[in-house]
Amino acid sequence: MSNIKQIAQMAGVSRSTVSRVLNHHPHVHEDTRRKVQQVIDKLDYIQNSNAVQLKKGRTNTIGVVSPSISHYFMQIVQGIAEAGTTCHYQTLLYQTNEKADQELQALEMLRQKRLDGLIILRCGLDWEKVATYTKYGPIMTCEPLQHPKIQSIYMNHYEGFQLGLEHLIEKGYNRIACTIGRAESRNSLERKKAFEDILQTHNLPVHPEWILDETFTVNDGRTALQKLLNGNHMPDAVIHASDYVAAGMAAEARAQGISIPDELGLVGFESDQSDVAGLMELTHVRNPLKQMGAEAFHRMYAALTETPYTAVDLSFSLTERQSTARGVKQVQL
């Protein structure tokens with residue numbers, strides 16, 4: 001069985017140089033790195049990862065706790081994983097289904113030194129209990145949290161909904177409805193507050209029956225439009241908490257012969273990779289979820305390596321497409 005000493009002899013370098021190549025050390029001349037790697041490939045040498053971990057005191061693995069594998073959370077995970085790869089870190093995903101025992105299992109992995117750090121996308125456990133595990137490694141969250149031991153990186157959905165609402169009002173829409181997702185989630189409550197605040201600021205009516213919750217899928221978007229059509233009044237625009245819901249409403253509107261954007265303006269929201277928004281020509285508020293995941297990893301890596309890091313500011317952005325592309329016109333309330 002080949003070993004580092006044999007590789008060093010065949011490559012004509014020291015064992016420390018072979019070790020630096022194996023561990024992706026930056027300070028190795030490219031010609032030397034290539035020569036050593038050729039020998040490694042020829043011998044089909046594989047490092048004993050357990051031995052390396054014991055020697056270094058780290059696993060080069062970050063755990064990510066996610067309640068589900070929904071499109072929303074997987075974009076954050078993708079950002080974490082891609083950023084981790086650039087630093088030779090792998091990502092281990094824990095899908096908890098919002099069960100406390102599954103969250104504890106991930107925390108125990110950190111305590112057992114099988115993870116270097118943990119990024120929690122959503123947590124049902126008490127944060128004080130979670131904080132007791134920070135002595136085993138850094139813990140971060142993508143939930144709004146102010147805690148001296150746990151870093152938080154979070155996008156305030158109030159700002160995203162405000163951006164979309166101001167766009168609709170600028171376009172002349174003044175009877176606006178919304179879909180907000182889960183009724184009592186933190187993000188949904190922020191969206192609802194933005195909806196009420198912005199409309200009131202512009203002296204526009206707020207119809208409680210036009211605030212539709214528990215909307216997540218394309219079919220939910222179709223059902224939401226049918227519900228609005230069956231009401232006493234019909235809005236002239238809807239801002240959504242999801243591109244998928246917006247796409248479903250757009251499809252149903254076209255099936256019902258409703259003109260978009262003249263009779264109904266639509267704004268999608270949340271999807272970082274807006275394939276759906278682009279295909280359906282939906283005006284879209286971009287939530288930079290993948291970028292948020294990458295930023296979470298970089299902050300985690302800085303904590304692990306005790307290196308300085310300047311945090312990147314993240315913000316929502318709006319792309320206008322056909323679903324709101326009408327001229328501003330005055331409509332009597």
Do we find that Ala253 is at pLDDT 95 or above, over 27 Å from the mean Cα position of the chain (by Cα) and either acidic (Asp, Glu) or over 30 Å from Pro138 (Cβ atoms) (or both) in this structure? yes
Enumeration of residues in segment 75-95 that are out of contact with any strand residue (DSSP E or B) (no Cβ under 8 Å at 6 or more places or on another chain) and either surrounded by fewer than 19 Cβ atoms within 10 Å (Cβ to Cβ) or in the same structural domain as Pro26 (by TED's automatic domain parsing) (or both): Gln78, Glu82, Thr85, Thr86, Cys87, His88
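Could you pull out the residue among Thr215, Thr201 that is crowded, with 20+ Cβ neighbours inside 10 Å, assigned by TED's automatic domain parsing to the domain that holds Gln162 and among the hydroxyl-bearing types (Ser, Thr, Tyr)?
On the way: Thr201 fails: crowded, with 20+ Cβ neighbours inside 10 Å.
Just a single option satisfies the conditions, and that option is Thr215.
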Hey, could you check segment 225-248 for residues that are over 24 Å from the mean Cα position of the chain (by Cα) and crowded, with 24+ Cβ neighbours inside 10 Å and say which is farthest from Leu289 (Cα to Cα)? Leu225
Selection count where residues are within 11 Å of Ala253 (Cα to Cα) and in contact with a strand residue (DSSP E or B) (Cβ under 9 Å, 6 or more places away or on another chain), scope segment 212-222: 1
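Could you list all residues from segment 104-147 that are among the β-branched types (Val, Ile, Thr) and under 13 Å from Gly63 (Cα atoms)?
So in segment 104-147, the residues among the β-branched types (Val, Ile, Thr) come out as 119-120, 130, 132, 134, 139, 141.
Scanning segment 104-147 gives Ile119, Ile120, Ile139, Thr141.
For Ile176, indicate whether it is closer than 24 Å to Gly257 by Cα, modelled with pLDDT of 95 or more and in contact with a His (Cβ under 7 Å, 6 or more places away or on another chain). Steps first, please.
Working: closer than 24 Å to Gly257 by Cα: yes; modelled with pLDDT of 95 or more: yes; in contact with a His (Cβ under 7 Å, 6 or more places away or on another chain): no.
Answer is no for this residue.
List the strands (runs of 3 or more DSSP E) that sit entirely inside segment 162-263 and contain at least 1 residues that are farther than 22 Å from Leu279 by Cα and hydroxyl-bearing (Ser, Thr, Tyr). Full working, then the answer.
Details: elements: 176-181, 211-213, 237-239.
Hits in segment 162-263: none.
Working only within segment 62-74, note down all residues that are closer than 16 Å to Phe297 by Cα and either outside the structural domain of Cys123 (by TED's automatic domain parsing) or hydrophobic (A, V, I, L, M, F, W, C) (or both). So that I can check it myself, show each step before the final result.
At the first step, the residues of segment 62-74 found to be closer than 16 Å to Phe297 by Cα are 62-66, 73-74.
Across segment 62-74, the qualifying residues are Ile62, Val64, Val65, Phe73, Met74.
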Can you pull out every residue in segment 5-44 that is surrounded by 14 or more Cβ atoms within 10 Å (Cβ to Cβ), more than 21 Å from Thr86 (Cα to Cα) and modelled with pLDDT under 85? Leu43
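For segment 136-150, give me each residue that is polar (S, T, N, Q) and either part of a helix (DSSP H, G or I) or modelled with pLDDT under 95 (or both). Break it down into steps so the answer makes sense when it comes.
To start, the set of residues in segment 136-150 that are polar (S, T, N, Q) comprises 141, 146.
The answer is Gln146, and nothing else.
Can you name every residue in segment 54-74 that is exposed (fewer than 13 other Cβ atoms within 10 Å of the Cβ) and in contact with a strand residue (DSSP E or B) (Cβ under 8 Å, 6 or more places away or on another chain)? Working first, answer last.
As a first pass, look at segment 54-74 and keep what is exposed (fewer than 13 other Cβ atoms within 10 Å of the Cβ): 54-57, 69-70.
Ile69 - this is the single residue of segment 54-74 that is exposed (fewer than 13 other Cβ atoms within 10 Å of the Cβ) and in contact with a strand residue (DSSP E or B) (Cβ under 8 Å, 6 or more places away or on another chain).
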What pairs can you find where one residue is in segment 1-28 and of a type in the set (Ser, Thr, Tyr), the other is at pLDDT below 80, and their Cβ atoms are less than 6 Å apart, with a gap of 6+ or different chains? Ser2/Tyr45
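Does Ile119 qualify as being at pLDDT below 95, crowded, with 21+ Cβ neighbours inside 10 Å, not in a helix (DSSP H, G or I) and not small (Gly, Ala, Ser)? Full working, then the answer.
Working: at pLDDT below 95: no; crowded, with 21+ Cβ neighbours inside 10 Å: yes; not in a helix (DSSP H, G or I): yes; not small (Gly, Ala, Ser): yes.
Judged against the criteria, Ile119 is not a match.
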Do we find that Tyr154 is modelled with pLDDT under 95, part of a loop (DSSP other than H, G, I, E, B) and hydroxyl-bearing (Ser, Thr, Tyr) in this structure? yes
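The values are calculated or read from the model by the stated rules, or taken from the named source; none is laboratory data. Since we're looking at a predicted model, the values are computed, not measured. Here Cβ is always computed from backbone atoms with ideal geometry, including for glycine, and neighbour counts include all displayed protein chains.
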